[in-house]
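The values are calculated or read from the model by the stated rules, or taken from the named source; none is laboratory data. Everything quoted here is computed from the prediction, not taken from an experiment. Cβ coordinates were reconstructed from backbone atoms using ideal geometry, including for glycine residues, and neighbour counts include every protein chain displayed. Just the protein is used for accessible areas: all its heavy atoms, side chains included, with ligands, DNA and RNA removed. Shrake-Rupley method; radii C 1.70, N 1.55, O 1.52, S 1.80 Å.
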Amino acid sequence: MGSPSVSRPTPPFWLAAIPRVLRAGVLCLPLLALGAIAGTHEATQFSVPAGSPDEYMQAGAEFARELYPTVEISFWDSESGSLSVSRVEGDSVKCILRESPDAGEALKPLGRFLSGRIEPRAQVLFALAHEVGHCKLREAFLSRSDGSAADASVFPWLAQEAAADAYGILSVERKLGVDVPVRQAVIISRMLSSSMYRDPNHATGHYVSDALALCHEDRSDADAVQCAIATAYYTVGSLANDERGSPYAVDSNPELIYELGVHKVAQTIRVYQNIAQYKAQFSGADLSRFAFNEVSRDGQSRYITAISGQRTDTTYGLADYYGFKTGELVTDDRRSVTAMRIDGADELDWLLTLGAVVRTEDGEFLRKGDTQH
């Protein structure tokens with residue numbers, strides 16, 4: 001749902017991911033002993049921290065799968081709030097959600113403002129639909145109808161949040177009916193939350209309220225996706241209008257603001273021929289300053305640690321943000337190491353696309369463009 005401390009990227013692979021990745025690099029995590037990553041070990045156990053979702057989160061997960069049948073959902077006890085990640089695998093986009101198993105934790109921080117406005121189940125449905133909305137927006141630009149691909153990170157994070165809100169609102173309204181005051185509750189709650197936390201990156205209430213006037217139908221998921229896209233453009237147009245001293249009045253026809261946003265984005269967006277070209281040319285987030293070390297290999301799975309320039313363990317933060325499984329690796333010499341598990345060629349390819357350089361057990365270095373991995 002987004003919060004003052006944790007952005008939704010994620011960011012997943014968007015440039016909006018960079019702030020959280022940079023924060024991950026300076027987390028006060030235990031220092032790794034160099035010996036823990038220097039040797040070759042066999043993985044005897046790999047435990048991923050997981051939790052059992054309560055009844056509300058189970059309902060939310062079921063709803064998310066209705067909206068995005070191939071979504072991967074993980075419930076981690078360590079999570080507070082909700083996180084979405086989009087990852088390119090092959091020629092398609094994979095949507096990953098990281099959720100707290102407890103609805104109260106998963107709804108932070110917006111839940112306190114939604115309480116009393118809509119029922120807890122509706123709150124959870126919106127929270128997960130909002131995260132799916134992020135994936136849908138990214139996928140819409142990476143899998144355009146003409147076969148081309150574009151990077152949605154050209155939209156500022158506020159616009160991406162507004163788009164996800166619009167998608168979540170329409171999706172829940174289709175599920176529960178328009179008599180459930182979802183849009184009113186979300187818009188008011190966003191305004192209150194952004195004001196209390198002084199958080200401009202999630203101050204979507206005003207933009208969503210006006211942009212929904214562009215969305216005349218809500219008969220299908222495709223309608224909700226188009227509304228999300230229109231909301232993203234509208235938000236960019238509103239920001240551009242403010243920058244120009246408001247040549248358009250605040251009560252102008254929303255189509256005018258939308259067109260201004262389309263023009264603004266067209267000046268900076270980069271279009272690739274297809275996803276393959278996108279992956280080949282995408283520079284990724286700046287992961288080059290992290291030391292990625294393969295500490296074990298088991299078939300197609302690689303167990304990798306990440307250290308920042310300060311020799312600080314950043315494995316958990318990076319794996320969490322980019323949607324890789326992470327846990328405690330117990331080696332044959334009974335040492336315990338936090339590692340991310342990279343399963344198969346597609347996941348490794350995406351890690352390298354993001355800018356990582358991985359030192360293997362054999363002392364070789366894998367980097368983007370290698371053909372042997």
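The figures follow:
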{"item": "Convex hull of Cα atoms in the range 122-251, direction-averaged projection (nm²)", "result": "8.4"}
{"item": "Orientation-averaged projected area, Cα convex hull of the range 178-218 (nm²)", "result": "3.1"}
{"item": "Long pairs among Lys136/Lys264; Lys175/Lys264; Lys136/Lys175; Lys94/Lys264; Lys94/Lys325; Lys94/Lys368, criterion Cα-Cα beyond 23 Å", "result": "Lys175/Lys264; Lys94/Lys264"}
{"item": "Amide hydrogen neighbours beyond the local backbone of Glu89, cut-off 5 Å, H modeled", "result": "Lys94"}
{"item": "Over the range 205-336, equivalent-ellipsoid semi-axes from the Cα gyration tensor in Å", "result": "45, 18, 16"}
{"item": "Mean Cα-pair separation over length for the chain, i.e. relative contact order, pairs under 8 Å, 6 or more apart, %", "result": "21"}
{"item": "Rounded to the nearest 10 Å², the accessible area of Thr314 at probe 1.4 Å", "result": "0"}
{"item": "Distance (nanometres) between label positions extended 7 Å along Cα→Cβ at Glu361 and Ser336", "result": "2.2"}
{"item": "Over the range 222-373, relative contact order from alpha-carbon pairs under 8 Å, at least 6 apart, %", "result": "19"}
{"item": "Mean accessible surface per residue for the chain, computed with a 1.4 Å probe while every protein chain stays in place, in Å²", "result": "42"}
{"item": "Histogram of C-alpha separations across the range 86-194, 10 Å bin width, %", "result": "14, 42, 31, 13, 1"}
{"item": "Rg/Rg_ref, the chain, where Rg_ref = 2.2 N^0.38 Å and atoms are Cα", "result": "1.00"}
{"item": "Surface share of carbon and sulfur [accessible, 1.4 angstrom probe, percent] for the range 44-176", "result": "44"}
{"item": "Rg and Dmax [Cα atoms of the range 228-292; Å; Rg one decimal, Dmax integer]", "result": "16.8, 52"}
{"item": "Using θ = phi - 60° and Karplus 6.51 cos²θ - 1.76 cosθ + 1.60, couplings along the range 348-357 (whole Hz; Gly, Pro as x)", "result": "5, 4, 6, 4, 5, 4, 6, x, 6, 10"}
{"item": "Relative counts (whole %) of C-alpha pair distances in the range 279-371, using bins that are 5 Å wide", "result": "3, 14, 25, 29, 18, 8, 2, 1, 0"}
{"item": "³J(HN,Hα) computed for each position of the range 215-220 - Karplus, 6.51 cos²θ - 1.76 cosθ + 1.60, integer Hz, glycine/proline x", "result": "9, 8, 10, 9, 8, 8"}
{"item": "Accessible surface of the range 277-371 [probe 1.4 Å, protein heavy atoms]: carbon and sulfur percent", "result": "43"}
{"item": "Protection-proxy order for peptides 91-100, 47-56, 121-130, each taking the mean of Cβ atoms within 10 Å per residue, highest first", "result": "121-130, 91-100, 47-56"}
{"item": "Relative contact order (%) - the range 59-211, alpha-carbon pairs under 8 angstrom, separation at least six", "result": "21"}
{"item": "Full-extension gain in nm, Glu72 to Asp286, via 0.36 nm per residue minus C-alpha separation", "result": "74.5 nm"}
{"item": "Rg in Å to one decimal, and Dmax rounded to a whole Å, for the range 154-194 via C-alpha atoms", "result": "11.2, 35"}
{"item": "Volume per residue that the Cα convex hull of the range 318-373 spans, once the total is divided by residue count, Å³", "result": "94"}
{"item": "Whole-angstrom gap from the range 314-360 to the range 260-304, using each part's C-alpha centre", "result": "16"}
{"item": "About the Cα centre, charge dipole magnitude for the range 317-373 (Lys/Arg +1, Asp/Glu -1 at Cβ), debye", "result": "200"}
{"item": "Extension reserve of the Ala222-Ser115 stretch, reckoned as 0.36 nm per residue once the Cα distance is removed", "result": "35.6 nm"}
{"item": "Coarse-grained scattering of the range 262-319 at q = 0.29 Å⁻¹, given as base-10 log I(q)/I(0) from a Debye sum over alpha-carbon atoms", "result": "-1.11"}
